[in-house]
1. In this structure, is B:Val283 touching a helix residue (DSSP H, G or I) at 6+ places or on another chain (Cβ under 6 Å), under 23 Å from A:Ala374 (Cα atoms) and β-branched (Val, Ile, Thr)?
2. Tell me which residues, restricted to the stretch B:127-144, are under 18 Å from B:Val339 (Cβ atoms), within 12 Å of chain A (Cβ to nearest Cβ) and either surrounded by fewer than 17 Cβ atoms within 10 Å (Cβ to Cβ) or not polar (S, T, N, Q) (or both).
3. Please state which one of A:Thr356, A:Thr340, A:Thr326, A:Thr412 is in a loop (DSSP other than H, G, I, E, B), among the β-branched types (Val, Ile, Thr) and either within 30 Å of A:His151 (Cα to Cα) or away from chain B (no Cβ under 12 Å) (or both).
4. So which residues in the stretch B:25-39 are facing another protein chain (nearest Cβ under 7 Å) and either touching a His at 6+ places or on another chain (Cβ under 9 Å) or not hydrophobic (A, V, I, L, M, F, W, C) (or both)?
5. For the stretch A:380-400, name all the residues that are of a type in the set (A, V, I, L, M), crowded, with 19+ Cβ neighbours inside 10 Å and assigned to a helix (DSSP H, G or I).
6. If the requirement is being within 18 Å of B:Gly296 (Cα to Cα), touching a Lys or Arg at 6+ places or on another chain (Cβ under 9 Å) and in contact (Cβ under 8 Å) with a residue 12 or more places away in the chain, which of these qualifies: B:Val121, B:Val180, B:Val173?
7. Counting only residues that are at the interface with chain A (Cβ under 8 Å from one of its Cβ atoms) and part of a helix (DSSP H, G or I), how many does the stretch B:359-379 have?
8. Please find, within the stretch A:1-12, the residue that is surrounded by the most Cβ atoms within 10 Å (Cβ to Cβ) out of those that are more than 7 Å from every other protein chain (Cβ to nearest Cβ) and not in a helix (DSSP H, G or I).
Protein chains: 2
Amino acid sequence: MTAFPKQLLTNPSGFPDLGPAEAIALARMIDVIRKHFELSGYSPIETPLVERTEVLAAKAGGEIAAQIYGLRLLHPAKGATSDEKDLALRFDHTVPLARFVAAHYAELLFPFRRSVIGPVVRGERPQEGRYRQFIQADIDAIGDGSLTTLHDAEMVSVIAGIFNELAIGAFTVRIGNRKVLQGLLRWAGLTNDALVADALKIIDRMEKIGRDSVVAALGENGMAETKARELVEVLLLQRSTSDALAFLGAQKIDELFEEGVRELAEVVAGVRALGVPEERFTVDLSIARGLDYYTGTVYETRLDAHGDLGSIASGGRYEDLASAFTSRKLPGVGISIGVTRLLLRLLKAGLFPAATTTVARVLIASTAENRTEALRAAAALRGAAIACEVYLGSKPLGNQLQYAEKRGFMLTISPKDVSSFTIHTFATGQKIEIAAPDLLQTIQKLLG
Amino acid sequence: MTAFPKQLLTNPSGFPDLGPAEAIALARMIDVIRKHFELSGYSPIETPLVERTEVLAAKAGGEIAAQIYGLRLLHPAKGATSDEKDLALRFDHTVPLARFVAAHYAELLFPFRRSVIGPVVRGERPQEGRYRQFIQADIDAIGDGSLTTLHDAEMVSVIAGIFNELAIGAFTVRIGNRKVLQGLLRWAGLTNDALVADALKIIDRMEKIGRDSVVAALGENGMAETKARELVEVLLLQRSTSDALAFLGAQKIDELFEEGVRELAEVVAGVRALGVPEERFTVDLSIARGLDYYTGTVYETRLDAHGDLGSIASGGRYEDLASAFTSRKLPGVGISIGVTRLLLRLLKAGLFPAATTTVARVLIASTAENRTEALRAAAALRGAAIACEVYLGSKPLGNQLQYAEKRGFMLTISPKDVSSFTIHTFATGQKIEIAAPDLLQTIQKLLG
C-alpha cells in the first residue's frame with residue numbers, strides 16, 4: 001500500500017505521454033516519412049542522445065545554449081570515476097551530424113546522404129504546442145568541398161512525397177534563396193551586414209506582424225521608407241513560378257544576387273524533372289528563416305488550408321556543416337520536420353486520422369472452454385501476417401465484444417465448436433458462421 | 001578555421017555512434033521485432049525519456065539508483081523558474097509503464113498489452129558489450145486485479161516469432177517458474193526468505209561458475225551438502241518438456257510448489273496451441289533471474305550455437321506492476337530484448353547480415369548533360385516504390401560506378417541518350433541497354 005503523491009504521476013511539463021491511439025498515429029506518420037527518406041536514398045545513422053558539452057557548446061547560439069540539459073549522476077557510487085560532468089542532451093540533429101561527419105570523415109562516401117528520426121531535448125519554457133522533448137525527422141546531403149544545387153531540388157521532392165502520402169490536405173513548398181533576398185536588401189540600400197541580418201529577422205515575421213509593420217520596422221532599421229515599401233511589394237507579389245524567375249532574371253543588382261537567381265532557376269528545373277506537380281511548390285522571395293547559417297536555398301512548407309500551423313517542413317542550404325570541428329569545407333542542404341508538434345496539432349485539429357487504440361484489427365474472443373481453438377486460430381492468422389489479439393481474460397463473451405468495440409477492432413472471431421467459428425463485423429453488425437478451414441480466407445476477404 | 005580537439009569528436013564512452021551499415025541493420029532488427037509485437041496485438045505507447053526523480057527513485061534498487069542521470073540546465077536564462085532539479089533519464093521501460101498505467105488507469109482497457117522500443121540510459125561503468133545508452137524492446141500484458149497464465153504463454157510465441165524471422169540460428173526459449181524453484185529450495189531445507197533469495201542468486205550463476213561451485217555456495221548458504229547436490233542434479237537434468245512436467249507433477253512438496261507446476265503446465269499447453277515448435281522451447285527449472293520482483297513464470301532465450309551471447313530475450317511474471325504508485329493490484333507478464341547489445345554482438349560475430357551502407361538498391365548515374373533524364377527516371381522508380389539515389393556530383397561516370405560498388409548498390413542505371421538507358425548489375429557484371437519505356441519493368445525484374 002502506498003501514498004505516492006498523485007500529482008507526481010503525471011508526465012513532467014513539456015514531456016508528453018502518448019497513449020496507444022496517439023503512439024499508433026505517430027508510428028504511422030514516422031513510417032511514411034521514413035519511407036520517403038529511403039526512396040530517395042537517405043540512409044540512417046544513429047548518434048547518441050548524449051553529446052559532450054564542448055561539442056554542443058561549439059555550435060549552440062545564445063538562446064539554445066540556455067536550453068541545454070547537462071547530466072549528472074544523482075547518487076554516484078563511491079569511488080566511481082565520474083565523467084558525467086561533460087555530458088549533455090542533444091538539442092537538434094545537426095550538431096551531432098557535424099560531429100559525426102568530422103569524426104568519421106575518412107570512412108564516409110560523399111555526397112553523404114543521411115536521415116535521422118528521433119528525439120531531441122530543449123529546456124524551453126513549456127507552452128501550448130511547444131515541447132521540451134520532441135521528435136525531429138531530418139535529412140541532409142553533405143558534399144566534400146562542393147555540392148550541386150540539384151541536391152536542393154531533391155529536398156523539395158522528398159517533402160512533396162511525404163505530405164502527398166500523409167494526405168493531410170493540399171500543401172505548398174515555398175522555395176526562397178538567401179542570396180536573392182540579400183541582393184534585394186542591398187538594392188533597397190542596406191549594405192551593412194548587421195543591418196541585413198536584422199532585416200532578415202524582420203522579414204521573417206511578415207506573416208505574424210503584417211506588411212505595414214514590416215515596412216515600419218525596416219524603416220527603423222535604416223531603410224528609406226519608399227524603398228522599404230517597394231521591397232515588401234516585390235516580396236509579396238503573387239506570381240507563377242515561371243513569372244517569378246523571369247522577373248528575377250531581368251533584375252541586375254549584383255553578382256551574388258544573380259548567382260542566387262541562377263540557383264533558384266536550377267532548383268526549380270530539378271523539382272520539375274523530379275515530377276513534383278507545379279501546384280505543390282512556389283518561389284517565395286520573402287522566406288528568410290531565422291537561422292544565421294543558411295546561405296542559399298531556403299524552404300518552408302504550408303498546408304494551404306491551415307497556414308496557422310506554420311511551416312510543417314523547413315530547411316535550407318548551408319556553406320559549411322562542420323566548421324566548428326574541422327577545417328574541411330563540407331557544404332550541405334537539409335530539411336527538418338518537427339514530428340511531435342505536427343502530429344499533436346494535426347490530431348487536435350482532426351486533420352490526421354486518429355487511430356484506434358490497437359494495432360490489431362481482429363479480436364479472437366474465447367472462454368476457458370475453447371481457449372485451445374482460439375490460440376490455434378490466432379497462430380494461423382499471425383502466420384498469414386494478420387495482427388490479432390486473443391482475449392485471455394475471464395469475462396463472458398458479451399463483455400469481450402464490448403471490449404473489442406471500445407478498442408476499435410474491426411472483427412471479432414469466436415470459436416463456436418471444434419470445427420467452426422462465428423465472425424462478428426462491427427461496421428455492418430453482420431454475424432456469420434464459417435467452417436474452420438475457411439477461416440483465414442474469410443478474414444482476409446473481410447479485412448479487404 | 002578551428003582547432004577543436006580531435007579526441008572530443010569521438011562519441012562519449014558507452015554512447016555508441018552507429019554508421020549507416022549498423023543503423024540500417026538496427027532498423028531491420030527493430031522492424032522484425034515491431035512486426036511480431038503488432039501481430040500479437042501489443043500496441044505502442046510513448047512515454048518521455050525523462051521522468052521525475054521521485055518516480056524513478058520509487059522503483060530503483062541500490063545498484064540502479066547509482067546509475068540514474070539527473071538533468072540540470074547548464075546555463076539557465078536569468079529569472080527562469082527552474083524545475084529541472086526534479087528530472088532524470090529513464091533507466092528502463094518498466095518504471096515509466098508503471099507510472100503511465102497508474103496515471104491513466106481510468107482510460108485504459110484491460111488486459112492492457114503495450115509495446116515499447118526505445119532508448120534507456122544508465123550511468124554504468126562502460127565495458128566491452130555494455131552500453132550506457134541502449135535500445136530496449138519490451139512488451140507487457142497487464143491485468144486489472146488478475147491476469148490468466150495464457151498471457152505468459154503468448155510471450156513465448158512472440159519471442160519465437162521474432163527470432164525465427166531474424167534467422168540468426170536455432171534458439172531455445174527456456175521456461176521456468178519461481179514458485180517451482182522456491183518449492184525445490186524449501187524441499188532442500190531452505191525456509192528462511194533471505195536464504196531463499198540468496199540461493200536464487202547463486203543458482204542464477206550456474207552457467208558462469210559451474211555446478212560444483214553452486215553446490216559449495218548453497219552449502220555456505222545453509223543447505224545440507226547432499227541436498228544441495230541432489231537439488232542441482234534435479235535442476236540440470238535434461239528432459240523433454242513432457243517428461244519434465246510429468247516429473248514435477250509427481251513431486252508433492254507443498255501447495256505453492258504445486259501451483260507453480262500447474263502454471264508451468266498451462267504455459268506449455270498454451271505455447272503448443274500457439275504453434276511454437278517443440279524444439280524451440282524447454283522447461284528449465286534452473287532459471288532464477290536476478291530480479292526480485294518475478295513471482296511465477298520466468299524466461300530466458302539462448303542461441304543454441306552461441307550460448308556465450310547470454311540470454312537474448314528475458315522476462316517473467318510479476319505480481320504487482322505499480323505497487324509503488326497505486327493501491328490497485330496490477331499483475332503482469334513481460335519480456336525484454338536488449339536490442340543494441342544483441343545487434344552489435346551479432347554483427348561482430350557475423351551472425352546478422354551486415355547491411356550495405358545504403359537503403360537504396362539502385363544508383364542512377366548521371367552527368368551534367370543528362371541530369372534531367374536521370375531525375376525523371378528517379379521519379380519513375382520512386383513512384384513504383386523502388387528506392388534509388390541519383391548521383392548529383394560532378395565526377396565522371398567511371399568514378400560514379402566505383403562509388404556505387406563501394407556503397408553496395410545492386411544496380412547502376414545511366415541515361416544513354418534521351419530514349420535509352422544502360423543498366424549495370426554488380427553481382428553478374430552484366431551490362432544491358434534498354435529503351436526508356438522498358439526501364440521500370442526491367443529494374444523490377446533485376447531486383448527480383
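1. So B:Val283 fails the test.
2. Hits for the stretch B:127-144 are B:Tyr131, B:Arg132, B:Phe134, B:Ile135, B:Ile139.
3. Working: A:Thr356 fails: either within 30 Å of A:His151 (Cα to Cα) or away from chain B (no Cβ under 12 Å) (or both); A:Thr340 fails: in a loop (DSSP other than H, G, I, E, B); A:Thr412 fails: in a loop (DSSP other than H, G, I, E, B).
Exactly one of A:Thr356, A:Thr340, A:Thr326, A:Thr412 is in a loop (DSSP other than H, G, I, E, B), among the β-branched types (Val, Ile, Thr) and either within 30 Å of A:His151 (Cα to Cα) or away from chain B (no Cβ under 12 Å) (or both), namely A:Thr326.
4. Hit for the stretch B:25-39 is B:Glu38, nothing else.
5. Keep residues of the stretch A:380-400 that are of a type in the set (A, V, I, L, M), which gives A:380-381, A:384-387, A:390, A:392, A:397.
Within this subset, residues satisfying the condition of being crowded, with 19+ Cβ neighbours inside 10 Å are A:381, A:387, A:390, A:392.
Matches in the stretch A:380-400: A:Leu381 only.
6. On the way: B:Val121 fails: within 18 Å of B:Gly296 (Cα to Cα); B:Val180 fails: touching a Lys or Arg at 6+ places or on another chain (Cβ under 9 Å).
One residue alone meets the criteria, B:Val173.
7. Total meeting the criteria: 6.
8. Among residues in the stretch A:1-12 that are more than 7 Å from every other protein chain (Cβ to nearest Cβ) and not in a helix (DSSP H, G or I), the one surrounded by the most Cβ atoms within 10 Å (Cβ to Cβ) is A:Pro5.
The values are calculated or read from the model by the stated rules, or taken from the named source; none is laboratory data. Since this is a predicted model, take the numbers as computed values, not measurements. Because the Cβ atoms are built from the backbone with ideal geometry, glycine has one as well, and the counts that use them run over all protein chains shown.
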